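A short write-up of the structure that comes next.
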Amino acid sequence: MLDRMRRSLLAAKFPIFGLAILLMVIVLALGAKWISPYDPNLVQVEDRLFPPAFAEGGSSAHWLGTDTLGRDVLSRLIYGTQVSLMVGFMAVIVAGTIGVSLGLIAGFFGGWIDDVIMRVADIQLAFPFILLSISVLAVLQARRGFEANITTLQRLIPLILTLGVAQWVTYARMARSVTLSLREKEFVEAARAMGDSKASIIFRHIMPNALAPLIVLASFNVASTILAEAALSFLGLGVPPAIPTWGGMLSESRELLVSGVWWLATIPGLAIMITVLSINLIGDWLRDFFDPRLRN
Amino acid sequence: MVKYILRRLAQSLIVLVGVSLLAFSVLFLSGDPTYLYVNEHASNEAIAQVRHKLGFDRPFHIQYLDFASRAIRGDFGISMRYGQPAFDIVLERLPATIELTLVGMFVAVIFAIPLGVIAAVRRNSIFDGGTMLFAMLGQSIPDFWLGIMLILIVGVQWKALPISGRVPILEPLFAGEFAQLGATIGDAARHLILPGVTSGVWSLSRNARLIRSSMLEVLGMDYVTTARAKGVRESLVVLKHAFKNALIPVVTIIGLEFGFLLSGDIIVENIFAWPGVGRLVIFAINQKDFNVVQASVITLAVVFVGLNLFVDVLYTWLDPRIRYT
């Protein structure tokens, strides 16, 4: 399986490109402390609004220029990878864990348990998810003034949980439908006859069969969650202002658009797009890889 | 059919009760909602006073029932910021949001159909590759960044289109002021182009990919081969035999599409200073005007649920097989 995966990956060019970019972003996030040239929050007012080094008037001291407060754009960009990846992956893990568990339970037990879980899912689908995130974060943000000093990850937890809880429904639906189609199959019947416990049947016999579509779903979901985090930070709701994020950088760039400060708006957006694109490319390849109809 | 509609109606009502419960209980996420309405330095007596005045000292279910019974009558309390009923403020902004959503929908559907169909018919051509690359980019580009880039290039550099504000279309249309509408519609359309494109591009990309793959699937079916073997013209095979069936999965997602666009427009409205509910809700959040936040959230959910119901019923009427599943 892994061998086949490696060969298929090497045969296709786009996903390799995607994987390379994603690995680079991960390295940047993990090594931000050592890689980034400046402290991302270092204010140097005398250096404010330097264009990037490759543009007219740029300086090689700041490769991607500086913002209104003279903070180094490259350093902020590198630190921004941490929030994007952390929120993107962890929110998907939260959504996947809740969704898959509930979906397996709903599909396996059926009856009123199934009814309750799926009705709750319907309600949540009727509540556009960004609206849900916004209302939750608005309340949490309003309370922020009452909290003592906490770490970056702790500050991100509300956002991660919100985005996770807002997105469990798709996982639940998928896990449920796979469970429904497998519940009456012979191998499940056999496991039951051998006296396996319900938990063992669900997690050892049914779940592995649902894994492929769930992995594909999760990979696309990481991409869309990174977009959602950026959007919420852009609206000023996601991450507290002290932490550099791509969405936050974009939001700060808006006032200067008309006066020709193009780099503050262009660079973080490109970073988001390239990261999301690379994850989408990997997702596309995973989907094709797991789809037996496309196998020759 | 009537039975089906009644059942769907009942389901929608349950969903709305759930949404209202959610929108209401969100206030309690941080513990005592009184703290949302007082400043950091308020004394304990002042806090207790506000708590009593706002009714937060009552049991939760009583508070919710009170909230729900007022919400049904469109009473979400007075906006702390505007000093007017919160629901009136939301209703005033609703046409702008619906207008933007409709234009986004138009962009998402009208351009996606020819792109997807031609890409499928000319599979592996340059056109196909180009369209799919564009679609991939369209699904990876953050909508708010696309909006900013459009402002920067089309608005600031070329000075070709307005980058903020709105000239109403729906209000004069429903008020029957056609003369006024005729005079301003050109300007109104120009104001809609950039926000509309920003709002619709993600869905346009998704739909183009979806239509292409569903066309490819249908084009490989036996009845299409039969039609070709009978000597039916290729254009007729594509348009009549294949296209109609390829549309079914697309119609299915259109109902959900509205909700998606509606929530995406919260961001688009904030970029283009579009005076709709999305801009209002973010403004209200920053002002801690929670009555307006609740009114906006519930109004948007009602619009969304209503549209879904409408699309579902319409769909069932088009394809009767669904009624029995």
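For the reader, a short list of remarks on this structure follows.
- Residues whose amide H comes within less than 5 Å of that of A:T66, counting only those at least five positions distant or on another chain, are A:L49, A:F50, A:V73 (H built at 1.01 Å from N in the peptide plane).
- Going by neighbour counts of Cβ atoms within 10 Å, the residues B:V17, A:V25 line up, fewest first, as B:V17, A:V25.
- With Cα atoms, 0 to 90° folded angle of helix A:111-125 axis to chain A main axis: 20 degrees
- Shape summary of segment A:1-107, radius of gyration then Dmax from alpha carbon positions: 20.0, 63 Å.
- Close amide H pairs (under 5 Å, H built 1.01 Å from N) link B:I141 with no residue at least 5 positions away or on another chain.
- Cross-link reach is defined here as a Cα-Cα straight distance under 17 Å, omitting same-chain residues fewer than 8 places apart; for A:K185 the lysines meeting it are A:K198.
- Environment charge at B:V268 (Cβ cut-off 11 Å; Lys +1, Arg +1, Asp -1, Glu -1): -2
- Net +/- balance of residues flanking B:V107 in space, Cβ distance below 14 Å, scoring K and R +1, D and E -1: -3
- Simple spin-label estimate for B:L216 and B:L21 in nanometres, 7 Å along Cα-Cβ: 4.4 nm
- For segment B:86-95, 3J(HN,Hα) per residue [Karplus equation, 6.51 cos²θ - 1.76 cosθ + 1.60, θ = phi - 60°, Hz, x = Gly/Pro]: 4, 5, 4, 5, 5, 4, 4, 8, 4, x
- Exposure proxy shown here: for B:M136, B:M105, B:M215, the number of other Cβ atoms within 10 Å sets the order, fewest to most, as B:M136, B:M105, B:M215.
- Here the label points at A:T68 and B:E92, each 7 Å from Cα along the C-beta direction, are separated by 2.8 nm in the simple model.
- Virtual spin-label span in nm between B:L9 and A:V27, 7 Å along Cα→Cβ: 6.3 nm
- Once the Cα atoms are used to define both axes, helix B:112-121 deviates from the longest principal axis of chain B by about 30 degrees.
- Cα-based shape type of chain A, given that a ≥ b ≥ c are square roots of the gyration tensor eigenvalues and the cut on a/c is 1.5: prolate
- Folded to 0 to 90 degrees: helix A:207-234 orientation relative to chain A principal axis, Cα: 30 degrees
- Under the Karplus curve 6.51 cos²θ - 1.76 cosθ + 1.60, θ = phi - 60°, whole-Hz ³J(HN,Hα) for segment B:48-60, x wherever Gly or Pro sits: 4, 5, 4, 4, 5, 5, 7, x, 6, 8, 8, x, 4
- Of all the options B:Q157, B:Q11, B:Q84, the one that moves most in a Gaussian network model of chain B with Cα springs shorter than 10 angstrom is B:Q157.
- Cβ crowding within 10 Å ranks B:T299, A:T81 as B:T299, A:T81, fewest other Cβ atoms first.
- Ordering A:V25, A:A199, A:I35 by Cα displacement along the dipole of chain A toward the positive end leaves A:A199 in first place; charges were set at the Cβ atoms of Lys, Arg (+1) and Asp, Glu (-1).
- Three-way shape call for segment B:133-218 based on the alpha-carbon gyration tensor, with the a/c threshold at 1.5: oblate
- Using the Cβ-Cβ distance between B:R122 and B:N245 with R0 = 30 Å, the FRET efficiency computed as 1/(1 + (r/R0)^6) comes to roughly 0.95.
- Whole-angstrom gap from segment B:248-312 to segment A:55-110, using each part's C-alpha centre: 25 Å
- Potential extension, B:S164-B:H52 segment - 0.36 nm per residue separation minus Cα distance: 36.0 nm
- Net +/- balance of residues flanking B:V50 in space, Cβ distance below 12 Å, scoring K and R +1, D and E -1: -1
- Kirkwood-Stokes translational diffusion coefficient of segment B:183-325, alpha-carbon pairs, 10 °C, 1.306 mPa s, µm²/s: 86 µm²/s
- Shape category assigned to the protein assembly as shown from the gyration tensor of Cα positions, a/c cut at 1.5: rounded
- Computed FRET value (nearest 0.05) for A:K185 with B:I153, which takes r as the C-beta separation and R₀ as 45 Å: 0.20
- Cut-off under 5 Å, modelled amide H: who pairs with B:I78 long-range: B:A86
- Taking every residue in B:145-151 and counting other chain Cβ atoms within 10 Å of its Cβ, the average works out to 6.
- Structure-based [θ]222 nm, chain B - -39500 (n - 2.57) summed over DSSP H runs of at least 4, per residue, nearest 500: -23500 deg cm²/dmol
Readers should treat all values here as calculations from the given coordinates under stated rules, not as data from a laboratory. All of these numbers come straight from a predicted model, not from anything done at the bench. We place every Cβ from the backbone using ideal geometry, glycine too, and count neighbours over all the protein chains shown.
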